[in-house]
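> I am attaching a structure below and will ask some questions about it afterwards.
Please treat every number below as a calculation from the coordinates, not as lab data. Predicted model only: the values in this text are computed from it and were never measured.
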Amino acid sequence: MIKVLVIDDSDVLRRISVFNLKRANFEVHEAVDGLDGLEKMRGIKPDVVVLDVMMPNLDGFGVLKEMRDDPELSKIKVIMLTAKGGDDDADHAMKLGASKFLTKPFSPKNLVEAVNELAREQRA
Ligand SMILES: [Mg+2]
């Protein structure tokens, strides 16, 4: 089963992502901020991480940097969730190693498709 970790500090947005990914038959885990996300990532070893940018404690860019510098985490695919008008955020995320980005609000269908595509690449 494909494992997905959703890291988002917004309860509402996280629940929507988790609901839709579970419905698409992924094994879904969740974390409430960047530090929680990194800790859970090390245990779960997800195929794909869905990562919010703006979060307390450690933001999405901080998480990406940590992942890039950790051989255990550097191969995990990342979908970054950016705010509307955050084109610089998307650029920055891709430079730091994110594989895709989705601009909020995104459709559940796009999220599921993005996870499927990266999971296929990951397991190829
Ligand atoms: Mg946020």
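> Provide the gained length on full extension for the span Asp11 to Asn110, in nm with one decimal, where the gain is 0.36 nm per separating residue minus the Cα-Cα distance.
Details: separation 99, 0.36 × 99 = 35.64 nm, distance 1.99 nm.
Stretched fully, the Asp11-Asn110 segment lengthens by 33.7 nm.
> Principal axes first, then extents: for the Cα atoms of the chain, list largest minus smallest coordinate on each axis, whole Å, largest first.
32, 30, 25
> Which one of Gly86, Gly34, Gly43 has the biggest mean-square fluctuation once the chain is modelled by GNM with Cα springs under 10 Å?
It is Gly43.
> Using a Gaussian network model on the chain with a 10 Å cutoff between Cα atoms, which of Leu111, Leu51, Leu64 fluctuates the most?
Leu111
> Just to check, using Stokes-Einstein with a Kirkwood Rh over alpha carbon pairs, what's the diffusion coefficient of the stretch 70-112 at 25 °C and 0.890 mPa s in µm²/s? Provide the component values of the computation, followed by the final result.
Values: Rh = 11.1 Å.
Result for D is 221 µm²/s.
> What residues qualify as long-range amide H neighbours of Val6, i.e. H under 5 Å apart, gap of 5 or more or another chain, H built at 1.01 Å from N?
Close amide H contacts, sequence-distant or interchain: His29, Glu30, Ala31, Val50.
> Work out, step by step, the length gained on full extension between Arg123 and Arg68: first 0.36 nm times the residue separation, then minus their alpha carbon distance; give nm to one decimal. Mind dumping the intermediate values first?
Values: separation 55, 0.36 × 55 = 19.80 nm, distance 1.90 nm.
Additional length available on full extension: 17.9 nm.
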